[in-house]
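Q: Below is one structure. I have some questions about it.
What follows is calculated from the coordinates using simple rules that are stated; it is not laboratory data. It should be emphasised that the depicted structure is a prediction, and the values quoted were computed from it without experimental measurement. Neighbour counts run over all protein chains shown; Cβ positions are idealised from the backbone, glycine included.
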Amino acid sequence: DGIISSKSTIHVDESLLTGESTPATRQEGDLVLGGTTCLSGGCLMRVTKVGCDTVLGQMAQLVHDAQAGKSPVQRTADLVARIFVPSVVALSFATFLIWAVLVFTGAVEVPVGTVGDSAQDSLKLLF
């Protein structure tokens, strides 16, 4: 980042930072950000910030921090999933084992025959 020191007027492309495709006009005393491309000639510039202190460096740091950490909603979802998923799997396995034991010991009688096409026949089997 820096301030233009030369007396000439220049056109710069700031689309890397702003997304604006139209060139901007800068003159002596105006701020020019890192990542800006000079489109018309050249200029003399006094550097005010370098490295991580520039706007581009701060943007990169914000992106890095956002990707490195989790939001509170993500942490809550991970906590719920950590408990919920194993619980559901364990419950379904226990249900399978209980029904398998009940069926193979003869405690529950499995209906034999074909089930009719109507919903009424299906309900008879359930109740």
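Q: From Cα coordinates alone, what are the radius of gyration and Dmax values for segment 4-53 in angstrom?
A: 10.7, 29
Q: Which order do the peptides 51-57, 69-75 take when ranked by the mean count of other beta-carbon atoms within 10 Å per residue, highest first?
A: Top of the packing list down: 51-57, 69-75.
Q: Once a ≥ b ≥ c are taken as the square roots of the eigenvalues of the Cα gyration tensor of the chain, is the result rounded (a/c under 1.5), prolate (a/b larger than b/c) or oblate (a/b not larger than b/c)?
A: prolate
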